[in-house]
Structures are given as structure tokens and as C-alpha cells.
1. How large is the charge dipole for the protein assembly as shown, taken about the Cα centre, if only the Cβ atoms of Lys, Arg (+1) and Asp, Glu (-1) carry charge, to the nearest 20 debye?
2. If contacts are Cα pairs under 8 angstrom and at least 6 residues apart, what is the relative contact order of the stretch B:1-141 in percent?
3. Would you please calculate the Kirkwood hydrodynamic radius of chain A over all C-alpha pairs and express it in Å, rounded to one decimal?
4. Please work out how much accessible surface residue A:150 shows to a 1.4 Å probe, ignoring ligands, DNA and RNA, in Å² rounded to 10.
5. Partner chain Cβ atoms within 10 Å, averaged over the residues of A:212-225 - can you pull that number for me?
6. Nearest-5 percent of antiparallel DSSP beta bridges in the stretch B:256-394?
7. Considering only A:69, A:348, A:163, whose Cα is most displaced toward the positive end of the charge dipole of chain A, charges sitting on Cβ of Lys, Arg (+1) and Asp, Glu (-1)?
8. To the nearest µm²/s, what D does Stokes-Einstein give for the stretch A:259-376 at 25 °C and 0.890 mPa s, using the Kirkwood radius over alpha carbon pairs as Rh?
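The values are calculated or read from the model by the stated rules, or taken from the named source; none is laboratory data. For clarity, every value in this text was computed on a predicted model and none was experimentally measured. Cβ placement follows ideal geometry from the backbone for every residue including glycine, while neighbour counts extend to all protein chains displayed. Surface accessibility is based on the protein's heavy atoms, side chains included, excluding ligands, DNA and RNA. Shrake-Rupley method; radii C 1.70, N 1.55, O 1.52, S 1.80 Å.
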Protein chains: 2
Amino acid sequence: MTRKLHLNAFLMGVGHHEAAWRHPRTEPARIADVRHYQNLAQIAERGKLDSVFLADGVALWGNVRHNALGGLEPLTLLSAIATVTDHIGLIATVSTTYNEPYHVARKFASLDHISGGRAGWNIVTSASEAEAHNFGVERPAHADRYARATEFLDVVTKLWDSWEDDAILGDRAHGLYADTGKIHPIEHEGEHFRVRGPLNASRPPQGHPLLVQAGSSEDGKEFAARFAEAVFTAQQTLEEGQEFYADLKSRLAAYGRRPDELLVLPGISPIIGSTDREARQLEQELEELIIPAYGLAQLSHMTGIELGEDALDRPLPDIPVETEGAQSRRKLVVDLARRDGLTVRQLIARLAGGRGHRVVAGTPERIADEIQEWFEGGAADGFNVMPPILPGGLADFVDHVVPELQVRGLFRYEYESRTLRGTYGLARPRSRYAPQGEAELEVAVAG
Amino acid sequence: MTRKLHLNAFLMGVGHHEAAWRHPRTEPARIADVRHYQNLAQIAERGKLDSVFLADGVALWGNVRHNALGGLEPLTLLSAIATVTDHIGLIATVSTTYNEPYHVARKFASLDHISGGRAGWNIVTSASEAEAHNFGVERPAHADRYARATEFLDVVTKLWDSWEDDAILGDRAHGLYADTGKIHPIEHEGEHFRVRGPLNASRPPQGHPLLVQAGSSEDGKEFAARFAEAVFTAQQTLEEGQEFYADLKSRLAAYGRRPDELLVLPGISPIIGSTDREARQLEQELEELIIPAYGLAQLSHMTGIELGEDALDRPLPDIPVETEGAQSRRKLVVDLARRDGLTVRQLIARLAGGRGHRVVAGTPERIADEIQEWFEGGAADGFNVMPPILPGGLADFVDHVVPELQVRGLFRYEYESRTLRGTYGLARPRSRYAPQGEAELEVAVAG
């Protein structure tokens, strides 16, 4: 079987470009309208994409004066999307730093049941101070957040396993609903959590909802190598993409995992036109709508350095890149400015499309060329597609880039599975509490 | 305008009777099937009911060996229900003891946006030890739980108010998305919580999603008088119902509220037949399916006293009723056994239908008579309808009891509002951060 691309549609308000809300092809009044997001997911499903993804944070960050922020909470939204779609995966960000594992295990189990096995969890540790201040604490250190996240994952996966797959008997005649010998208290006692269990939901259809992650720090990459099954990442050049890909895949063996048990999905913001000129025109329209004050605030958020309007037409000042937290994104931004010799204003324009993710403007063939080059060049198992404007940019991708990828034999024509794991080509984990099955015993004997 | 009944459909798995899952008219395999619940809500909406309600706890309690437990998480489920209904209110239980106010404010704001103003929150403080043990703590004392709940409500309502209604400008031409002077950090600093805010969601369509509560202890009733707009309660006799109703309404003035700002909705489990004989037959079918071991476990949960099978055919032993926590439910159970001179087996049968809520078996006219008597007799503003089997018992109520109530002029023929507040006849709260509007200034001048 030929290796096939995996494509995720990253849905964000009315588009990933920071000026999307000002563009005549968007409707910013719809950022809290569930039908807008249902429509986006249906467009993505029309294109046979693997999944949609909703990012999240638990604070109002960014400057809402100049951008359409403050939409819907991802899990309630994905549940509403589940009911109008049949195949597409549904991935949401939830933080391990400001939540309890029992709630998170349960909500994703519930979404997995509601969607028939299409739930995925993008695990984040919440790097911002604004989030900490909504939960009465100072932001925990990077390493502490990852230590908590590691134990959090242990608890959540135990809870998902706490009902074996065949725990429900449903024997009305004898009045036996469940075999309680197959429903297990987890009795977790750790440094951060004490959780007795079991979960009050039966085992999710996927066993474990898909685990997704996006950290690029050392801790982040080790966490991904241990737990993640798909990784979203921002990479600007093919070489950087290849390096990240090889690095991450090489870390899997230490956790007893094969390279194909984790998919690497770099971000790409495709600015699509039927001619190169048309694509450049859309790019320029968006660029002209950028509000410098907003771009400066975003740049400050990514780099940790405050910059005023007087800095706009000068090169980026020297910025140390060894600080913890948003370090990897900071390094990417500084490298980009240095490599291409950009002024702050030019850098803002380059970041406006995808906050550090790669922006490619051109015809559908040109976008497909880039995707193919990365996919075949050892930099990607697929892409996290970040349309600059929504829904238009996603519809353009689905209607013009996807067919090109299909003709090239790189992407599916039809779904072959109803679950997210099945679509991503990943195995369904067994419950750790289940006795060894016959298949495994056979393997053990054969081995 | 004539006073009209308010009716809530309390949805629980395949029915409120503890043996419902064994009855041939139910399908227990559907307790984690979203379409089952969507269908229930659509039946309730066909009957023009005010709202549906999903109870919740954050532990697997009750004996899953003998009952169909472990369904879906209410907020993800209600969001999926919102998309297939247009008018009916959507109420979910969420605990203030094991959650953070920022998350709760946001999820209900999101559900309110998704449903176009139909979200309601049933506030509980989580009395069980099983729940505490899923969050690494011992169960906090009753008074401590209510103290936390009180501050929790303060934070959540501040967060819902943190965006004024007209904060969003959407001015593309000038690049002004929001008037940040109308989006307020809440800067809450209290005994239990420090929350900076603002919420990362715009103001919910209802201002505040509806606040519902069900505690019957002294603390519970004071909490209800201060915050709740609808109260679910278990009352066995008209006299007890009248006493509770008068007591609760009399407490409102101390919080500057009018009696009609809180609706009292006693529970009723209607066992409906087209003749009395048919109704008694359904009641008996269900009674015969009761598993004594399950009933004993439920009784132990309600009273805090362990009872063995040898106790089944004796009177209920003496049980002290002054313990905290589930005190009010315990008192109700003990009073019921004493009043009617029941053995433990008979008590279990009486509790099996509604866990202490009133069960009424009979024709639609007889059910309507009871409802009318309580409604006109100062014991209820409406009812929390708890069908013994689902969906059948709800369909019977909607198709046969509701028309009878309509003919008697007690219940609406059509919805008159798209929001839950509107349907319940309750006002939309203004943001506490908004300047006094013209209307209020006029009232102030006129007064």
C-alpha cells in the first residue's frame, strides 16, 4: 500500500491571517455561530480530510481591540459538529495545567461516544501568564508543567481503560447490566494526583481518543515521543522540517514505539489563487489590512519583547533565545527575521498569515508541489492546513488542492474508516486491565 | 395573563425507574447513544416543554452490576442536542466543588451561544465521598461546600458580565473589532478563588445562563433564595410541597428578590396508562423487575445505613436524621417509611420509581389532576417530569398529559420565546459593569 498524506484542517474563527476579519470574503459576526463551524467541518469532510482541529487557551489573550477573538469552547463546539458529520476526526486543545484528569478523561470519552470514535485531544501545558491568572496561581515552570502533564496522561489513559471493552453485559433476564470484575478502580496515587476511579463512562469507541501534541521544546519533544500519535509543528524551511521530523521519529524507540506510530504534521497556510498573480493579490489584500499595533502585540507575545511603533521600520533588535516556555516559537521568529533580513514591519507581515507557520502563496499545483516535496522529502506525514480566510480559504483548498493531491496518488478519494484512529492509520489500544487476548498469546508463542 | 405551568423533562438513561433497563419497552444499549437523547429532547420539544435536564455526578456511583449507568457527560451531550432543537431549554448539572469557575463560566457561555440562549446550570456541591476520591481530597464539610459555591457563583456571574452586551463593534473599516473599554477584567480576589478575567467568550445571549438548584438543606435553601431561578425538589405530599414552596418563596425578600423570580418545580414520576388498570400494570411490571440487592444499595446511599437482604421484610430500622449532607433526602425516606408503615422491601419499591420523588400512576386525566392541584394549591410553579421509562414514558406524557393540561388552560400551545429565560418568564440580567441605561434612569426618575 502506498503511503498516503494525512490532512488536518485547523479551524480558527474567520481565518488564520490576523487581518482575516477585515477581509470582504469573511463574516466576523459569525465567530460565535455554531453553524459557521459546522459548515467548515462539512467542507473539510467533503474534501475527505482526516480531521478538524480547534486550538484553545483559557484566557482572552491577543488584542481584541484589533482582532475577532472570543469564540466558542472547543469541546462543546466539537460535539455540535459531530452531529452533522460522519467521518471527519474532531480534535480539541485542552490544558493539563488547569484541569483535573477525571474531567478531561470523561469529556473526551463522551465526545468519542457522541462522534462514534472521532475524538482527539491536543495536549497543551498552557505557557501564558494570562491563563495562570484566571486560576489563582503564578505560571508554573516549564519542567513542572511537563511533569504534571506526564502524570496527567497516565491518569487519563488509566481512566479510559478502567472499563474493559466487554464490561457491559446488558443481560436483562438475569438483571446483570455489567460485569463489575471488568470495571476497575484505578487507585492512582502520584505526586500530582490521587484518583480512585473508575470513570463513569464506558470505554471510548477508540479505546483512547487520539493523542495530539505540539510542543517543540526538549521537554515537549520527549513528551510527544512518549505519548503523542500526531504532532502539529511550525517549520519554515524544508531543511528545518526534515531535521525536526528525523529528530522526533528517532526519539520513539526509547519508548518502545515504531516511527509510524506518530504522524508529523507541519502547519501550512495556503494562499490560493487560480494564477500566481491572483494568489499574490489575495496575500497583498490581507497584508494591507494588517494593523501594525496588533502585529506588534503578537510579536511581543511570541518573543517576550515589547516593541513600539517606532521599531517598525528597523531590523528586529537582538533577542536572547534561551528563555523557557515559548522558546521554540521565539527562536523560529528570530531565525526568520535574521535569515531574510526583515524589518519589524516585514516580519509582522510574514507572521500575520500563520503566527510562525509556513505561508505558501500560489496556484493549487504550486501548493501541491510544496506538500509533495515535504511529504516525499522526509519532512512530513501530512499537513496541518491553516487557511488564511474561512470558509473561503478552506473551500479553495478542498476544491482545488485536494483533487490535485488525489490525482497525484498522494491522498484518499474516500474515507476507509469511521474512526479518527482508523483514518490516521493508527492502532486501537487495548485496556491495560484486560487479560492478554488470544492474538497476543499467539504472538508471544510465535515470538 | 393567566399563570402558566412550567414543565421540565428530566432525562436519565432509559428511564427513572431503577429497573427501567430491564423493561421490554426500553433499549439499554442506547445509554451512550447521542441519538437517543436527541430523540428525547425532540419529543419534549414536540410537547412544548420548557426544558430538558441532565443530572450528573463525577463518580461511578450506584451498583452498575444491576443498573444501566455510565452514560455521556451532560455539557457535551447538550451541545449535540442543541443542534437538533430550536426552542427547548438545556439544563445540565455541574459541581462547584470539583471545578474551576473560569471553565464553568466558559462552557455555559459556549452552550448558551451554541443554543441561541437556551442554557441552564443546575448548581450542585457534590455530597458523595466517591466524587471526592476522584479528585484527591476527602469530602469537604457541607458548610464549606456551600461557602465555596457562593463565591463560585460570584466569580462565574462576574465572568458572564465581563463583556458588556455592546462590546463588539465589528468595525472593519477602522480595524476596531471590540471596544476594550467594555471588556472588563474582573480582578476577583476571594477566600477560594483569585480570577483576573475577562472571560474569553462574549456575553451569553441570556446574559446569564439560567441558574437552577436542588438543595433542600438550610444552606441549600438559602443558596437557592440568593441565586436560583428554578428549584428542583422532591416532595411526597401536597402539604409538604406547600410548606417547602412557602418557605422558599419567603426567603427571597432578604436578597431583594420577588417571589416570581424563582420557580419551584417538584419532581413527579408519572406512570401513565389509558386506564388506571393499565397504569397499575406498568407499575407492577417495573416493580417485578426490581433487584433487591440494587434497591438496598440505593437505600444505603440515601440513608447512609448499610442494610442486608435479611432486612428486606422488616420495618426500616431507626435512623438518625440529623447528619449533614444528604440529610434532606434521608429525612424524606425515613418519613415515607414511617408514615405508610412500610417494610424495607416495600420502601425500596416506593423509591425505585424516582429515588424519593413522588410517583403518580394513573390515566392522563388523573396525572393532570395532581399537577393542577399542586399548581393551584401553592405547592408548585410547574414540575420536573421524571418518566419511569424512556423514551416511551416521555412520549406518553407529551402525547396524552400535555394536551389535557393545554385544554385546561394550564399550559402553552406554542413557544413564545427562543430563550430559556423567556420561556420560564424570567428577566435577562444586565451586566454589572454596564453603565445605567436610559430605561433604568427613567425608572429612577419616575420612582
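1. Around 600 debye, computed over the protein assembly as shown.
2. 23 percent
3. Across chain A, the inverse of the average 1/r is 22.8 Å.
4. The value for residue A:150 is about 40 Å².
5. 0
6. 10 percent
7. A:163
8. Taking Rh from Cα pairs, D becomes 157 µm²/s.
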